[in-house]
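*Asks:* Before I ask anything, let me first share the structure, which is written out below as structure tokens.
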Amino acid sequence: MIKRVSKGESQLYKTLRLKALKDSPSAFGATYEDAVLRSDQSWQDQSDAAAEGSDKAIFLINEPSISGMAAIYREEEGSSIGQLFQMWVSPEARGSNTAKDILQYALSWAEEHRYSKILAEVTKGNTRALKFYKKFGFVDSHHSSDSDTHALEIALV
């Protein structure tokens, strides 16, 4: 079941985020080593801030054999553009519809909250993720902040 993180679920968020960083270290800007050093208060603040409102949301799947996550944050207050990041599914779920399902859930939430466009970046060399996003409808963008990534975007209706 996919759900938005709720207030008080920082330990669940932390567990999944660390699992993602450990499993796929080259897919993220953050590192596992830095993340494990964060205080519990830091995890709680981030998780609670993403639990309500329309500027930040973290979506989680935590089932016995499948886990995954994605986050959408508004670029700046009042903007209709959001950034997708922390997108990850556990190795057991890869090749299933799990990634598609969590991404659709996150984009539907963004559409409901008046986002017009979602940006994403994929580390160069991560051809599986790039193929996934393009198949989903993302197109190349000029919003790249880093030459080591592919910048993508998708317009929301």
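The values are calculated or read from the model by the stated rules, or taken from the named source; none is laboratory data. No experiment lies behind these values; they were computed from the predicted model shown. Here the Cβ positions follow ideal geometry from the backbone for every residue, glycine too, while neighbour counts run over all protein chains shown. Accessible surface is based on the protein model in full, side chains and every heavy atom, while ligands, DNA and RNA are left aside. Shrake-Rupley method; radii C 1.70, N 1.55, O 1.52, S 1.80 Å.
*Asks:* Quick one: compute the contact order of region 43-95, relative version, from alpha carbon pairs under 8 angstrom and 6+ residues apart, as a percent.
*Replies:* Relative contact order comes out at 27 percent.
*Asks:* Starting from the residue with the highest accessible area, list 135, 14 in decreasing order, probe 1.4 Å.
*Replies:* Descending accessible area places them as 135, 14.
*Asks:* Based on alpha-carbon centroids, what's the gap between region 107-153 and region 1-44 in Å, whole number please?
*Replies:* Cα centroid to Cα centroid, the span is 21 Å.
*Asks:* While we're on this one: Going 7 Å from the Cα of residue 147 toward and past its Cβ, which residues in region 119-136 have a backbone nitrogen under 11 Å from where you end up?
*Replies:* Nothing falls inside the zone, counting backbone N under 11 Å.
*Asks:* Suppose accessible area is computed on protein heavy atoms with a 1.4 Å probe; arrange 69, 1 from highest to lowest.
*Replies:* 1, 69
*Asks:* Assuming a strict under-19 Å limit between Cα atoms, what lysine pair count do you get for the chain once near-sequence pairs (fewer than 8 apart, same chain) are dropped?
*Replies:* Summing the qualifying lysine pairs gives 17.
*Asks:* From the convex hull of the Cα coordinates of region 1-86, what is the mean projected area in square nanometres?
*Replies:* 5.9 nm²
*Asks:* How long is the gain from residue 45 to residue 96 if the chain were fully straight, where each residue apart is worth 0.36 nm and the alpha carbon distance is subtracted?
*Replies:* 15.1 nm
*Asks:* Let me ask you something else. Determine the shape class of region 36-79: with a ≥ b ≥ c the square roots of the Cα gyration tensor eigenvalues, call it rounded for a/c under 1.5, and otherwise prolate if a/b is greater than b/c, oblate otherwise.
*Replies:* Judged from the Cα gyration tensor, region 36-79 comes out oblate (a/c at least 1.5, b/c at or above a/b).
*Asks:* Can you divide the C-alpha Rg of region 2-157 by 2.2 N^0.38 Å and report the result to two decimal places?
*Replies:* My calculation over the Cα atoms of region 2-157 gives 0.98.
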